[in-house]
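Enquirer: My structure is below; once you've seen it, I'll send some questions.
The values are calculated or read from the model by the stated rules, or taken from the named source; none is laboratory data. As the structure is a prediction and not an experimental result, all values here were calculated from the model. Cβ: placed from backbone, ideal geometry, glycine included. Neighbour counts: every protein chain shown. Accessible surface areas use protein heavy atoms only, side chains included; no ligands, DNA or RNA. Shrake-Rupley method; radii C 1.70, N 1.55, O 1.52, S 1.80 Å.
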Amino acid sequence: MELNEFVHQLDELEKQAVGELSAIQDAAALEEVRIKYLGAKSGQFKNVQKSMGALAATDRPAGGKRFNEVKNAIQAAFDEAQNRASQQATKSTGPMADPTLPGARIRLGHVHPITQTIEHLKEIMGRLGFSVTEGPEVEDPWHNFVALNIPDDHPARDPLDNFYLKTAEKNSGVTRLLRSQTSTVQIRVMESRQPPVRIISLGRVYRPDEADATHFPMFHQMEGLWVDRGVTMAQLKSVLRLFATSYLGGDVNIRFRPSFFPFTEPSVEVDFWWAGRWIEFGGAGMVDPNVLNAVGYDPEVYTGFAFGLGVERLCMRRHQVTDIRDLYRNDVRFLRQF
Ligand code: DAH
């Protein structure tokens, strides 16, 4: 074989092989090209190598030199193609996942501390025989004031102390407000059924107070009402003491201080002895005859007691929360503790 022809074969082989290899992006295509050119049995490179034996002895050094150049060029193109193919593989599937690593930690959510408190209070009062009722948060003056023996000119009705719904009033002519106390539910329950009633009602109330460590414009109350023949103040005190003992734990003492509420007579402030001092948790009293009359109960036949306790206050004391605003900031670092 002529040296020229041999070199021409090598040139062609180099051109083709390097051209094809430079276009390769993935491992499967690379393997095809590898077999075609570099296959041990019938690869084109092997074929050209065989024909080197047919060169004249004087042509062999020159032929061999060119052969080696082409071999190196194809090898370099092959290496590059292999690199590209392996990069492509990591790009498309990402790094291998390591199944022995611990899984990503997911925190379980839970109900809000106030909701937990409400559930707890319902459970305790349920064991004391009180069933749960609900009332609306948007109220009319009858249920929030009038039927509760709070007359028209009473300061508790001041617009500065209540959230009156001005737009509702403008559009429909009726006065509505966000209830300022859960005592409204006493009226709704007594209007809808005859004694005996023994209920609690837990829910939100609203007052336009500036928020600080102990005030928030929305908070929760637990209202209690027991009306029947012969209900006494001694029963009121027993119920509240049992409640305090169950909720705060230990043998909690309670104290009544004389007070005034329009809807009870007599009225008291209720203190629990807790962590070495007396703490006020709410108000209570014997349902005023005017209230019984307003709902059509005969005050000569029935007596009853009522109480209203602050839910946030109970929750905060039990869990050593010192700022009511923490309950409503929605900061998980705080909420997570409950
Ligand atoms: N409604 C009163 C308040 O929000 C609390 C209260 C006092 C409720 C005495 C009662 C009660 O049922 O008898 O301040």
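Enquirer: Which one of Pro258, Pro262 is farther than 20 Å from Gln320 by Cα, within 14 Å of the ligand (Cβ to nearest atom) and in contact with a strand residue (DSSP E or B) (Cβ under 7 Å, 6 or more places away or on another chain)?
Expert: Numbers: Pro262 fails: in contact with a strand residue (DSSP E or B) (Cβ under 7 Å, 6 or more places away or on another chain).
Just one listed residue meets the conditions, Pro258.
Enquirer: Let me ask something else about it. Hey, could you check the range 178-207 for residues that are farther than 18 Å from Leu121 by Cα and among the charged types (D, E, K, R) and say which is least open to solvent (accessible area, probe 1.4 Å)?
Expert: Applying the filter and picking the extreme gives Arg179.
Enquirer: Six or more apart or on different chains, Cβ atoms under 6 Å: show the pairs whose first residue is in the range 138-153 and under 15 Å from Pro289 (Cβ atoms) and whose second is open to solvent by 10 Å² or more (accessible area, probe 1.4 Å) and of a type in the set (S, T, N, Q).
Expert: The qualifying pairs are Asn149/Asn290.
Enquirer: If you don't mind, there's one more thing I want to ask. Filter the range 106-140 for residues that are more than 21 Å from Met222 (Cβ to Cβ) and open to solvent by less than 100 Å² (accessible area, probe 1.4 Å) and give the result.
Expert: Taking the range 106-140 and keeping what is more than 21 Å from Met222 (Cβ to Cβ), we get 106-110, 140.
Of everything in the range 106-140, those that are more than 21 Å from Met222 (Cβ to Cβ) and open to solvent by less than 100 Å² (accessible area, probe 1.4 Å) turn out to be Gly109, His110, Asp140.
Enquirer: Do we find that Phe260 is within 14 Å of Phe307 (Cβ to Cβ), open to solvent by 10 Å² or more (accessible area, probe 1.4 Å), more than 35 Å from the chain's Cα centre (by Cα) and aromatic (Phe, Trp, Tyr) in this structure? It would help to see each step written out before you state the result.
Expert: On the way: within 14 Å of Phe307 (Cβ to Cβ): no; open to solvent by 10 Å² or more (accessible area, probe 1.4 Å): yes; more than 35 Å from the chain's Cα centre (by Cα): yes; aromatic (Phe, Trp, Tyr): yes.
So Phe260 fails the test.
Enquirer: Regarding the range 233-250, can at least one residue be identified that is within 14 Å of the ligand (Cβ to nearest atom), over 16 Å from Phe272 (Cβ atoms) and touching a helix residue (DSSP H, G or I) at 6+ places or on another chain (Cβ under 6 Å)?
Expert: For the range 233-250, residues within 14 Å of the ligand (Cβ to nearest atom), over 16 Å from Phe272 (Cβ atoms) and touching a helix residue (DSSP H, G or I) at 6+ places or on another chain (Cβ under 6 Å): absent.
Enquirer: Now for a different question. Check whether at least one residue in the range 156-163 is without any contact (Cβ under 8 Å) to a residue 24 or more places away in the chain, surrounded by 18 or more Cβ atoms within 10 Å (Cβ to Cβ) and within 14 Å of the ligand (Cβ to nearest atom), and report yes or no.
Expert: First pass over the range 156-163, keeping only residues without any contact (Cβ under 8 Å) to a residue 24 or more places away in the chain: 157-159.
The next check asks that each one be surrounded by 18 or more Cβ atoms within 10 Å (Cβ to Cβ); those that pass are 157.
Next cut, within 14 Å of the ligand (Cβ to nearest atom) only: 157.
Yes, that holds for at least one residue.
Enquirer: Picking from Thr182, Thr175, Thr117, which residue would you name as being among the polar types (S, T, N, Q) and in contact with a strand residue (DSSP E or B) (Cβ under 6 Å, 6 or more places away or on another chain)? Talk me through it step by step, then tell me what you get.
Expert: Values: Thr175 fails: in contact with a strand residue (DSSP E or B) (Cβ under 6 Å, 6 or more places away or on another chain); Thr117 fails: in contact with a strand residue (DSSP E or B) (Cβ under 6 Å, 6 or more places away or on another chain).
Just a single option satisfies the conditions, and that option is Thr182.
Enquirer: Let me ask something else. Do we have Val291 as near the ligand (Cβ under 10 Å from one of its atoms) and either closer than 28 Å to Glu191 by Cβ or not β-branched (Val, Ile, Thr) (or both) here? Don't jump to the end; show me each part of the working.
Expert: Details: near the ligand (Cβ under 10 Å from one of its atoms): yes; either closer than 28 Å to Glu191 by Cβ or not β-branched (Val, Ile, Thr) (or both): yes.
When the stated conditions are applied, Val291 passes them.
Enquirer: If I filter the range 271-288 down to residues being more than 21 Å from His120 (Cβ to Cβ) and of a type in the set (A, V, I, L, M, F, W, C), which single residue comes out as farthest from the ligand (Cβ to nearest atom)?
Expert: Among those that are more than 21 Å from His120 (Cβ to Cβ) and of a type in the set (A, V, I, L, M, F, W, C), it is Trp278.
Enquirer: While we're on this one: Can you work out which of the residues in the range 210-223 that are within 12 Å of the ligand (Cβ to nearest atom) and not polar (S, T, N, Q) is surrounded by the fewest Cβ atoms within 10 Å (Cβ to Cβ)?
Expert: Restricting attention to the range 210-223, the residues satisfying the condition of being within 12 Å of the ligand (Cβ to nearest atom) are 219-223.
Then drop every residue that is not not polar (S, T, N, Q), which leaves 219-220, 222-223.
On the way: Phe219: 19, His220: 23, Met222: 24, Glu223: 24.
Among those that are within 12 Å of the ligand (Cβ to nearest atom) and not polar (S, T, N, Q), it is Phe219.
Enquirer: Could you please give the count of residues in the range 76-105 that are of a type outside the set (A, V, I, L, M, F, W, C) and surrounded by 12 or more Cβ atoms within 10 Å (Cβ to Cβ)? Walk me through how you get there before you give the answer.
Expert: Just the residues of the range 76-105 that are of a type outside the set (A, V, I, L, M, F, W, C), to begin with: 79-80, 82-84, 86-88, 90-95, 98-100, 102-103, 105.
Filter again for surrounded by 12 or more Cβ atoms within 10 Å (Cβ to Cβ), leaving 80, 82, 84, 86, 88.
Within the range 76-105, residues that are of a type outside the set (A, V, I, L, M, F, W, C) and surrounded by 12 or more Cβ atoms within 10 Å (Cβ to Cβ) number 5.
Enquirer: Exactly one of these conditions fails for Val268: (1) part of a strand (DSSP E or B); (2) surrounded by fewer than 20 Cβ atoms within 10 Å (Cβ to Cβ); (3) within 14 Å of the ligand (Cβ to nearest atom). Give me its number.
Expert: Checking Val268 against (1) part of a strand (DSSP E or B); (2) surrounded by fewer than 20 Cβ atoms within 10 Å (Cβ to Cβ); (3) within 14 Å of the ligand (Cβ to nearest atom), the one that fails is (2).
For every residue, the table says whether it meets (1) more than 14 Å from Glu80 (Cβ to Cβ); (2) outside any helix (DSSP H, G or I); (3) open to solvent by 80 Å² or more (accessible area, probe 1.4 Å).
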{"residue": "Leu21", "(1), (2), (3)": "no, no, no"}
{"residue": "Gln25", "(1), (2), (3)": "no, yes, yes"}
{"residue": "Glu32", "(1), (2), (3)": "yes, no, yes"}
{"residue": "Lys41", "(1), (2), (3)": "yes, yes, yes"}
{"residue": "Gln49", "(1), (2), (3)": "yes, no, no"}
{"residue": "Thr58", "(1), (2), (3)": "yes, yes, yes"}
{"residue": "Gly64", "(1), (2), (3)": "yes, no, no"}
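Enquirer: Now for a separate question. Is it the case that some residue within the range 311-325 is within 22 Å of Ser259 (Cα to Cα), away from the ligand (no atom under 14 Å from the Cβ), at pLDDT 95 or above and of a type outside the set (Phe, Trp, Tyr)?
Expert: Checked against the condition, which is being within 22 Å of Ser259 (Cα to Cα), away from the ligand (no atom under 14 Å from the Cβ), at pLDDT 95 or above and of a type outside the set (Phe, Trp, Tyr), the range 311-325 yields no hits at all.
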